[in-house]
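The next block holds one structure in the form of structure tokens; read it before the comments.
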Amino acid sequence: MYALVERLYPLCRSITGDGVRATLDIVGEYIPLRTHEVPTGTQVLDWTVPQEWNIRDAYVADAQGNRVVDFAASSLHVLGYSVPVSATMPLDELRAHLHTLPDHPQWVPYRTSYYKPEWGFCLAQETLDALPDGDYEVCVDSTLEDGHLTYAEHVIPGQVSDEVIVSCHVCHPSLANDNLAGIAVATYLARALAEEQPYYTYRFIYAPGTIGAITWLARNAERIDQVKHGLVLACAGDRGQLTYKQSRRGDAEIDRVMRHVLSSSKRPHSVREFTPYGYDERQYCSPGFDLGVGSLSRTPYAGYPEYHTSADNPGFVSPEAMADTLAVCREAFSVLDRNRRYVNLSPYGEPQLGRRGLYDALGGRSDTKEAQMAMLWVLSLSDGEHALLDVAERSGLPFDTVAAAAAALHGAELIKA
Amino acid sequence: MYALVERLYPLCRSITGDGVRATLDIVGEYIPLRTHEVPTGTQVLDWTVPQEWNIRDAYVADAQGNRVVDFAASSLHVLGYSVPVSATMPLDELRAHLHTLPDHPQWVPYRTSYYKPEWGFCLAQETLDALPDGDYEVCVDSTLEDGHLTYAEHVIPGQVSDEVIVSCHVCHPSLANDNLAGIAVATYLARALAEEQPYYTYRFIYAPGTIGAITWLARNAERIDQVKHGLVLACAGDRGQLTYKQSRRGDAEIDRVMRHVLSSSKRPHSVREFTPYGYDERQYCSPGFDLGVGSLSRTPYAGYPEYHTSADNPGFVSPEAMADTLAVCREAFSVLDRNRRYVNLSPYGEPQLGRRGLYDALGGRSDTKEAQMAMLWVLSLSDGEHALLDVAERSGLPFDTVAAAAAALHGAELIKA
Amino acid sequence: MYALVERLYPLCRSITGDGVRATLDIVGEYIPLRTHEVPTGTQVLDWTVPQEWNIRDAYVADAQGNRVVDFAASSLHVLGYSVPVSATMPLDELRAHLHTLPDHPQWVPYRTSYYKPEWGFCLAQETLDALPDGDYEVCVDSTLEDGHLTYAEHVIPGQVSDEVIVSCHVCHPSLANDNLAGIAVATYLARALAEEQPYYTYRFIYAPGTIGAITWLARNAERIDQVKHGLVLACAGDRGQLTYKQSRRGDAEIDRVMRHVLSSSKRPHSVREFTPYGYDERQYCSPGFDLGVGSLSRTPYAGYPEYHTSADNPGFVSPEAMADTLAVCREAFSVLDRNRRYVNLSPYGEPQLGRRGLYDALGGRSDTKEAQMAMLWVLSLSDGEHALLDVAERSGLPFDTVAAAAAALHGAELIKA
């Protein structure tokens, strides 16, 4: 995963354009992707697909022609969606187009202006402070023209058509944690799930933030009812502890599963209430859709000083942290996939487990095994209302033990799904 | 408010009679009142309007003719609703008619006998202890005859006919906190609301305790369904912290508003569960009506030693405390009046706030303003189930910010009430 | 009760057989019992009534003919439901049939093999350790033949046919706390209730564990709807604090009553969630029946080292502990029996209690009596939804005070059941 982050890092992504396409091409080397191109001007929910932005070069050069700010050095240096400009102007006039972080004078901020025509540069405060007065040549060699918005999907068919979506944004330029780590974890998660014949159909969505999720939702309106659960992955690689942000509903199954997995794994973590700000859970959880989609990150959205700056570079993420995020996703989906509701077919009194070979013959001992307790719990709570996760939580038994007990009882035709 | 308390203090109020009329006349100088006179014998719910009681003089005089207990000195000295008496009797015989507070030997208690014909005097234990044996002349120059029960209303018309009632009792004689402070706060609250074109119609009820509220309820049965919220004001002026006693329902909107306002104002305060004892919330919250009526006081009902004694005099209340009670009422009604439920008209994905001028154009920064967060929260929760107070509580944003965001979204036709 | 425990202690009970009959004969000297005999092979729910087991003698004798393990000394020495055996074998071969408690070398364990044909002996580890190698004669003089399963009932008719069941198991051999204390408490509870003309019909069930309860449930299917509440009694006599295990529903009325009684009595106690393991609440609370049946014990099921060993002898239980268990049962059933829901017949405003002689005539005092407060609370909450226990818990008043207030109001025709 770390290698994938490093490969994707230099590309200049935005909400449209060739940077997104190049990113999806690389991801496509790991898992098959179906790419969608949606034309500029397409109405998507309350929004319109904007013009496509592409950029070849951008710089600020001093009187000697030295590039003091250079897009070639970092894609962060240009304001996202900058309109083309080619001009010479004194520093004082230029200042209105320069963005810095006075509190972190060595870091370059990440700024965009998607929907208001603007041009600008982002640079370190130190760089700005060192610029002498005088005229500067500014150049943004970009195009903003009718084109397409690009997003991609990868689908792992399940035993049922009910879907779990995993969504990550692909619109941030050289930001490692806020974007690339999520892409990498999603990609390896897809590879792992593909080997497992999952119960649910898993759909991975790689789309630009906000407008991409809105475009996907607009184009999949007829399929939304199939989306039962989902997870937005972002900030998936920093060294902080895991954070799960619950869906708007707060009691969606994915919320309960993530809380259970994080809690029973003893990992340090935090669980947060939904807020209508952050990543694309904003769109999936908008009140008209209100999907059971949560968001998993390590240090959450905007919760670290390096957020949306040049300091969110590959050194800010770690292979171990991404592996840990991936492991939690796999555990959670493993629980989600088995979290059936069963109905006890012999609900009047306990069925005689002994004659079915499911119960210790020798009575009187107090050390009844966990597996037998799990069977009794599954029988007790299999009333069509409780799922196996309820059984695990109420009994305090591990989910795996409960699921194994359910499988044994199902095999003995004592419960049905 | 304090001046009003001082003016009303000397009057001898009871559940009927000229003391109530004189009190309402004075209040009528501050706000227009509509006075109701209900004849003795009128059936009101399970009760009957009693005879009207008026008193001109009452005293106990010693053998030398010195008035050792004198109604002229304090209206508390006579047992409320004393029947007329004119007699001479030895102290030992008189004692059965004398009420004192042995634990507070300098204070005169407040006692009544509305529904059992009795006569009696209230006096300080010290006074009683100093009386020599011997004969005493006792005189209660009162009348108990068919007449009327008097109460008054003041109505501030709102944009809707749904009503908020504010109720205070007017039946206690010279007791400053338990009665007069509530009258004063209610009166100034009415004056303040009159200048504000409120959403709800506000009805102020000045009535004797228990029988007055019961009379009002009996005569307004057809209008009860319009009463959506209410507040009983009593003990509104002592120096203790504010106490809100919840309605019987406990989750009425007024309960939630008062809890929110008291909690977010950082005032020291306490919130109490409903009990079927106290002031006229007993009647408004009786199970047949079960209105959303709470009670606001400072130190609550019967919660201070001065309660129902001569020590509850104007010195026991403070102008600052009454001003604070008034301020909380105004804040609460300001929230209540704006606490609408909205429906998001663009609930699928977020609406594009930027093109409506409601959102910062420059993206990427983490310091999104509170006003924008409030708009996202209102949009997220405007599903017809959540009111703005829910939005404020769930978001942690000030109610005013949330209400302003709702107004902006309403102006942009993104939500409707 | 202690004498009854001592009398029952030597008998060799099992899930069938003459030991159960002898036990019920003795209990029948205290309260009239109706005994049921259910033939071997009868299908009961998912189970079949097993063959009847009776035993006359059993021992292990050494080469000199000395009985080193002897059923005559304790009924625990033989594995419950041992098939007949008469053989001589070396110690090493015998070991597979010997059960000990290495951690408690002086105690004899209790073991059974009801549904797998086996024979065996239970003995102290110390006894086993002292046995020299060599041949031993083993004899189990038992019969396992078609016969009957025996259980008994005692019914105290109530004012209504709705039933409360009290169930205890009668299948354990010489174990004092785990079995006999529960039988003794149940028996004295029945005697006490018989003198009280209870509201509910109380049905006492003395049946072997698991198969007995299942048999009772199978044979009373048509009456199950009448069973509104129930209590399983077991481990009722040790010196530990009381433990109430809630029904599967957790909010059944018996759960609320037991929590209230234990909590308001200030006894040290614990309340546990339902688990599908333990005594016959397992059967009564199986999801098809899901009865409101909890379980009262002192130290709970399998919660003490003496559990299912020879150390659970009469010395392990105390008369005081059994008396305390009995007292709590009586208090709980006293509350349960009076826990009616009433409807206030005068719900609009407070009814005038004074003219009905239910209220102090002299007003103004703050020391309103508990009885009057209880009447106001009953009136306030008598809306058909709240029962008297709700009133007691919400008001903080003793249940007896609340019930007395309800009786007074009922007498005054202010409420109806």
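The values are calculated or read from the model by the stated rules, or taken from the named source; none is laboratory data. If you're wondering where the values come from, they're calculated on a predicted model, not measured in any experiment. Note that we place each Cβ from the backbone using ideal geometry, even for glycine, and neighbour counts take in every protein chain shown. Heavy atoms of the whole protein, side chains included, go into the accessibility calculation; ligands, DNA and RNA do not. Shrake-Rupley method; radii C 1.70, N 1.55, O 1.52, S 1.80 Å.
A compact table of results
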read-out	value
Subset of the range A:392-414 [within 11 Å of chain C (Cβ to nearest Cβ), in contact with a strand residue (DSSP E or B) (Cβ under 9 Å, 6 or more places away or on another chain) and open to solvent by less than 50 Å² (accessible area, probe 1.4 Å)]	A:Leu414
Test: A:Tyr307 is touching a residue at least 12 places away in the same chain (Cβ under 8 Å), within 10 Å of another protein chain (Cβ to nearest Cβ), under 17 Å from A:Gln246 (Cβ atoms) and not in a strand (DSSP E or B)	no
The range B:99-110 residues that are farther than 18 Å from B:Ala72 by Cα, paired with ones that are open to solvent by less than 60 Å² (accessible area, probe 1.4 Å) and among the charged types (D, E, K, R) (beta carbon under 7 Å, 6 or more apart)	none
Qualifying residue in the range C:349-364 (condition: in a helix (DSSP H, G or I), among the hydrophobic types (A, V, I, L, M, F, W, C) and within 30 Å of B:Asp103 (Cβ to Cβ))	no
Tally of residues being at pLDDT 95 or above and under 19 Å from A:Ala213 (Cβ atoms) across the range A:256-286	11
Helices (runs of 4 or more DSSP H) wholly inside the range C:1-116 containing at least 2 residues that are closer than 15 Å to C:Cys171 by Cα	C:2-8, C:18-27
Some residue of the range B:269-288 being under 18 Å from the mean Cα position of the chain (by Cα) and farther than 24 Å from C:Val391 by Cα	yes
Qualifying residue in the range A:221-228 (condition: assigned to a strand (DSSP E or B), within 26 Å of A:Val271 (Cα to Cα), open to solvent by 10 Å² or more (accessible area, probe 1.4 Å) and away from chain B (no Cβ under 14 Å))	yes
Filtered residue count, the range B:323-370, keeping only those that are modelled with pLDDT under 90 and open to solvent by 30 Å² or more (accessible area, probe 1.4 Å)	14
Filter pass, C:Thr243 being surrounded by fewer than 24 Cβ atoms within 10 Å (Cβ to Cβ), more than 17 Å from A:Gly349 (Cβ to Cβ) and in contact with a strand residue (DSSP E or B) (Cβ under 8 Å, 6 or more places away or on another chain)	yes
Subset of the range A:120-133 [assigned to a loop (DSSP other than H, G, I, E, B) and surrounded by 21 or more Cβ atoms within 10 Å (Cβ to Cβ)]	A:Gly120, A:Leu123
Considering residues of the range A:272-281 that are within 11 Å of chain B (Cβ to nearest Cβ) and open to solvent by 30 Å² or more (accessible area, probe 1.4 Å) only, the residue farthest from A:Trp107 (Cα to Cα)	A:Glu273
Residue in the range A:201-220 that is farthest from the other protein chains (Cβ to nearest Cβ), counting only those that are closer than 19 Å to A:Gly19 by Cα and assigned to a loop (DSSP other than H, G, I, E, B)	A:Pro208
A:Pro117, sole failed condition from (1) surrounded by 13 or more Cβ atoms within 10 Å (Cβ to Cβ); (2) within 14 Å of another protein chain (Cβ to nearest Cβ); (3) within 30 Å of A:Gln283 (Cα to Cα); (4) in contact (Cβ under 8 Å) with a residue 12 or more places away in the chain	(1)
Neighbours by Cβ (under 7 Å, 6+ apart or cross-chain): first from the range C:239-261, over 19 Å from C:Ser318 (Cα atoms); second modelled with pLDDT under 95 and surrounded by 19 or more Cβ atoms within 10 Å (Cβ to Cβ)	C:Lys245/C:Gly278; C:Lys245/C:Pro300
Matching residues, the range A:290-299, being within 12 Å of chain B (Cβ to nearest Cβ) and buried (at least 22 other Cβ atoms within 10 Å of the Cβ)	A:Leu291
Residue count, the range B:375-404 (criterion: small (Gly, Ala, Ser) and either part of a loop (DSSP other than H, G, I, E, B) or modelled with pLDDT under 95 (or both))	4
Among residues of the range A:134-190, those that are open to solvent by 10 Å² or more (accessible area, probe 1.4 Å) and assigned to a loop (DSSP other than H, G, I, E, B), counted	10
Residue check, A:Pro287 open to solvent by 20 Å² or more (accessible area, probe 1.4 Å), outside the structural domain of A:Leu101 (by TED's automatic domain parsing) and closer than 20 Å to B:Tyr348 by Cα	yes
Residue check for A:Asp225: more than 25 Å from A:Val155 (Cα to Cα) and at pLDDT 95 or above	no
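Per-residue answers, yes or no, for (1) aliphatic (A, V, I, L, M); (2) within 23 Å of C:Lys116 (Cβ to Cβ); (3) assigned by TED's automatic domain parsing to the domain that holds C:Gly315:
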residue: C:Arg21; (1), (2), (3): no, no, yes
residue: C:Leu24; (1), (2), (3): yes, no, yes
residue: C:Ile31; (1), (2), (3): yes, no, yes
residue: C:Glu37; (1), (2), (3): no, no, yes
residue: C:Thr40; (1), (2), (3): no, yes, yes
residue: C:Asp62; (1), (2), (3): no, no, no
residue: C:Val68; (1), (2), (3): yes, no, no
residue: C:Ala73; (1), (2), (3): yes, no, no
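Yes or no, residue by residue, for (1) aliphatic (A, V, I, L, M); (2) over 30 Å from C:Ile224 (Cα atoms); (3) more than 15 Å from the chain's Cα centre (by Cα):
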residue	(1), (2), (3)
A:Leu296	yes, yes, no
A:Pro314	no, yes, yes
A:Asp324	no, yes, no
A:Ser346	no, no, yes
A:Arg355	no, no, yes
